[in-house]
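Following: one structure in structure tokens, then a few remarks.
Each reported figure results from applying straightforward, stated rules to the coordinates on display, with no laboratory input. For clarity, every value in this text was computed on a predicted model and none was experimentally measured. Cβ atoms come from the backbone with ideal geometry, glycine included; neighbour counts cover every protein chain shown.
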Amino acid sequence: MYNMLRTGMAALIVLSLTAPRLPAAQISAKTVVLTFDDAVKSQLTVVAPLLKELGFQATFFISQRWMKDTENFLTWEQVAELHRMGFEIGNHSWTHSDFSKAETGAKLGEELQMVEKELVRVRVPKPVSFAWCGNGFGPEGIEQLRRHGYSLARRGMQPEVPYGAVQVGPALDVTKHHPLLIPTTGDAYPGWSLEHFKKVVTSAKPGEVVVLQFHGVPDVTHSWVNTPPENFRQYMVYLKRNGYRTIAMRDLLRYYDPLQLPDDPLLKSRFTPTQ
Ligand SMILES: [Zn+2]
């Protein structure tokens, strides 16, 4: 029995190592990446149960920055609960600083490790995904992500769309966008409606992926990124009824060939948030 199990495991490992990476053209239409930032408490009490009910995958980007406020933000033990529910846990830094500048970007590695240490303590594996804080990014921070073994990082709708604008951002094109600068197609602001949500999710061309960025549902302390629970339910039910496939950031890895990553011009540029 043990041998059979062992052979089975070995076969699985070989299978996963030899599984061909899917070229961009094979990304199925209606693919949406769901991401949730800042470790807001309602992500465990409101978002996660609804996503489970609908069979949706998602990534939760965790920062320690606001965790002392245990009424409105998750504890590390609650982060582990999200992991045990099958969701991806991503790194969103310890202090949630602006890592777009040379000096701060160079310190990103230390902050990644501080989050990883807490995750290990609650038995959550080391993340492969990161989300840029305040959506700012720069070459020094990118270098730190590479050195610390991160394969994916999500930026905002900027520089294509200004922060705070209720507009449609770029959809992810894996032949164009570097995996450490995955754009946000829709950044959920309180001004969103179901009509705008439909515009965002239908904006992707064949082979492109829609990437959504949410915060709290609701978000009591950060009102500028609040999503009312009733609106959120409408958005998710729309995805379900219309046959969308929702995935986590980590699921994007198979669409990238690590030996042939796109030469994204933004790798050499810097975006500093204005707030
Ligand atoms: Zn954040």
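What size of dipole, in debye to the nearest 20, comes out for the chain about its Cα centre when the only charges are +1 on Lys and Arg C-beta atoms and -1 on Asp and Glu C-beta atoms? Before the final figure, lay out each step's value.
Numbers: 30 positive and 27 negative charges, 148 e Å.
Dipole size: approximately 720 debye.
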With springs only between Cα atoms under 10 Å apart, run a GNM on the chain and tell me which of Glu116, Glu81, Glu103 wobbles the most.
-> Glu103
Amide H neighbours of Thr246 under 5 Å, at least 5 residues apart or on other chains, H built in the peptide plane: list them.
-> Val32, Gln57
Amide H of Asp98: which non-local residues (sequence gap of 5 or more, or other chain) have their own amide H closer than 5 Å, using H built in the peptide plane?
-> none
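Give, rounded to the nearest 20 debye, the magnitude of the charge dipole that region 155-248 has about its Cα centre when Lys and Arg contribute +1 at Cβ and Asp and Glu contribute -1 at Cβ. Could you put the intermediate results ahead of the total?
Numbers: 9 positive and 7 negative charges, 67 e Å.
Roughly 320 debye, rounded to the nearest 20.
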Provide the percentage of antiparallel DSSP beta bridges, counting only those with both residues in the chain; round to the nearest 5.
-> 10
Value of relative contact order over the chain, rounded to a whole percent, pairs C-alpha under 8 Å and six or more apart | 26
Using the Karplus curve 6.51 cos²θ - 1.76 cosθ + 1.60 with θ = phi - 60°, work out ³J(HN,Hα) for each residue of region 31-38 in order, rounded to whole Hz, and write x for Gly and Pro.
-> 9, 10, 9, 9, 10, 9, 9, 6
By its C-alpha gyration tensor, with a ≥ b ≥ c as the square roots of the eigenvalues, how is region 175-275 shaped: rounded for a/c under 1.5, else prolate for a/b larger than b/c, else oblate?
-> oblate
If each of Arg121 and Asp263 carries a label point 7 Å out from its Cα toward its Cβ, how far apart are those two points in nm?
-> 4.5
Lys101-Ser28 pseudo-label distance in nm [points 7 Å out on the Cα-to-Cβ vector] | 4.6
Reduced to Cα centres, the span from region 153-214 to region 232-275 in Å works out to 8
